[in-house]
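Since every read-out is calculated from the coordinates, none of them should be taken as a lab result. All values reported here derive from a predicted model rather than from experimental measurement.
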Amino acid sequence: MNLLAPRVAAYLDGLVPPRAARLAELEVEARQTDFPIIGPATGHLCYLLARLTRARQIFELGSGFGYSTAWFARAVKENGGGTVH
């Protein structure tokens with residue numbers, strides 16, 4: 001279910017800085033298989049929140065293929081290392 005109008009979602013996703021190739025691949029896979037992921041804008045928000053709070057341990061309960069975990073893992077790594085559960 002999309003909460004935003006497609007044009008708004010596309011605009012917000014366009015504001016996200018370039019990301020790792022693997023994240024882009026997962027985004028393509030999600031679109032092709034109609035698999036729900038949080039998307040680039042929300043992923044970047046998760047990354048920013050983890051960076052701003054200097055998170056070193058994150059517990060994430062997911063049921064997908066690791067898209068949001070990848071955003072959190074990048075933040076934890078840049079915060080000096082830690083664990084994403």
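Using helices alone, I'd like the mean residue ellipticity at 222 nm for the chain: each DSSP H run of four-plus residues gives -39500 (n - 2.57), total over residue count, nearest 500.
Values: 4 runs with 48 residues, N = 85.
Taking each H run of at least 4 residues, the total per residue is -17500 deg cm²/dmol.
Give me the number: length gained by fully extending Gln57 to Leu3, i.e. 0.36 nm times residue separation minus the C-alpha to C-alpha distance, one decimal in nm. It would help to have the intermediate numbers written out before the result.
Numbers: separation 54, 0.36 × 54 = 19.44 nm, distance 2.93 nm.
So the chain would gain 16.5 nm between Gln57 and Leu3.
To one decimal place, what Kirkwood hydrodynamic radius in Å is obtained for region 9-85 from all pairs of distinct Cα atoms? It would help to have the intermediate numbers written out before the result.
Numbers: mean 1/r = 0.0784 Å⁻¹.
Result for region 9-85, one decimal place: 12.8 Å.
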